[in-house]
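As structure tokens, the structure follows; a few thoughts come after it.
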Amino acid sequence: MSTKSALITGITGQDGAYLSQLLLQKGYAVHGLLPRRSTDTLWRLRELGVDRDVRLHDGDLTDLSSLIRAMEASKAIEVYNLGAQSFVGSSWQQPILTAQVDGVGALNVLEAVRIVNPEARFYQASTSEMFGLIQAEMQDERTLFHPRSPYGVAKLMAHWATVNYRESFGLHASSGILFNHESPLRGIEFVTRKVSDAVARIKLGKAKELRLGNIDAKRDWGFAGDYVEAMWLMLQQPQADDYVVATGITTTVRDMCRIAFGHAGLSMDEHLVIDPAFFRPAEVDVLLGNPGKAKAKLGWTPKTSLEQLITMMVDADLRRLGAVKRLEPERLPGSRIE
């Protein structure tokens, strides 16, 4: 019996690393697209112990020819487009780059699939940022989109391109509209990792404060390791479709910070500083996803609570920064979100 082959763009990112681990556990041959843009792109794959088990192909989302070569070399029957300029804040400073990578880049991957193997199944990493100025208290697959950043606009192009290729060319092309999903592998520029890293530094005496912007913004946060399973499940369905992937619980940045500081035995009020420099030009105030369709059709539900996620991230940063033993939650005061 031949081994299934999968191609992942963005394989060196948080989701790419967790998805690689999942697919390898399921017996796939895993291939990844590797743009040569930084000095050490493989640390997440190494962290999960899978860096030697994946095959990497030089390529870029903005270069269709390299995507075609990667499709041909990998012989992929499943393609996961996770690559993106994924930091919302940077998209205001780099709107054209964000549009080229996140929007046109997805179109390039779809074209490569259509040209090389239109029978391959395609997954597009859509995002809750497409909802933006929310049109419903709880967002699902039928909620209208109103993106509030160049990132959200570019991702919306990719999302509709995926729908278009499904309807126009018959591709098995699905989109996962993922709400915020975090892990110890999250980039330091994202708020959850910024918080966990700062808390660890303060606990170890390496820093004194954490500076944030709008801490009353609400997000639906889940664990990336749970969410990649939903990606895989989408490509196992007889028919392609779009799914919201979320926890169905929204929490303020303020309360997320309380969990992190409380886990480390620190007072948030003594170390948190509100800095206007970190406010966005246009804020998305509340995001809350309805994962009902994913539960009903995919049989998917999140397994990790926000409290478990944040304490996991704080522990990981404590290990990285100070090689200290894992904190025992029961010996430290914490803040539970009801």
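The helices (runs of 4 or more DSSP H) found entirely in the stretch 48-101 that carry 1 or more residues being without any contact (Cβ under 8 Å) to a residue 40 or more places away in the chain and over 20 Å from the mean Cα position of the chain (by Cα) are 64-74, 95-98. Taken over the stretch 104-161, residues that are closer than 21 Å to Ser65 by Cα, out of contact with any Phe, Trp or Tyr (no Cβ under 9 Å at 6 or more places or on another chain) and either among the acidic types (Asp, Glu) or modelled with pLDDT under 95 (or both) amount to 1.
Of all residues in the stretch 274-299 being in contact with a Phe, Trp or Tyr (Cβ under 8 Å, 6 or more places away or on another chain) and of a type outside the set (A, V, I, L, M), which is modelled with the lowest pLDDT? The selected residue is Arg280.
At pLDDT below 95 and either at positive phi or among the polar types (S, T, N, Q) (or both): does that describe Gln25? In short, no. Lys293 satisfies every condition listed in (1) surrounded by fewer than 22 Cβ atoms within 10 Å (Cβ to Cβ); (2) assigned to a loop (DSSP other than H, G, I, E, B) except (2). Residues considered: Asp216, Asp285. Of these, the only one that is under 30 Å from Ala161 (Cβ atoms), touching a strand residue (DSSP E or B) at 6+ places or on another chain (Cβ under 9 Å) and surrounded by fewer than 18 Cβ atoms within 10 Å (Cβ to Cβ) is Asp285. Of the residues making up the stretch 260-273, not a single one is outside the structural domain of Lys194 (by TED's automatic domain parsing), farther than 15 Å from Asp140 by Cα and touching a Phe, Trp or Tyr at 6+ places or on another chain (Cβ under 7 Å).
Looking at the stretch 219-244, which of the residues that are of a type outside the set (Asp, Glu) and more than 17 Å from the chain's Cα centre (by Cα) is surrounded by the fewest Cβ atoms within 10 Å (Cβ to Cβ)? Reasoning before the result, please.
Here is the first cut: in the stretch 219-244, the residues of a type outside the set (Asp, Glu) are 219, 221-225, 227-228, 230-240, 243-244.
Checking which are more than 17 Å from the chain's Cα centre (by Cα) leaves us with 235-240.
Values: Leu235: 19, Gln236: 9, Gln237: 14, Pro238: 6, Gln239: 8, Ala240: 21.
Top of the filtered list is Pro238.
The values are calculated or read from the model by the stated rules, or taken from the named source; none is laboratory data. Remember, predicted model here, so these are calculated numbers, not experimental data. Cβ atoms come from the backbone with ideal geometry, glycine included; neighbour counts cover every protein chain shown.
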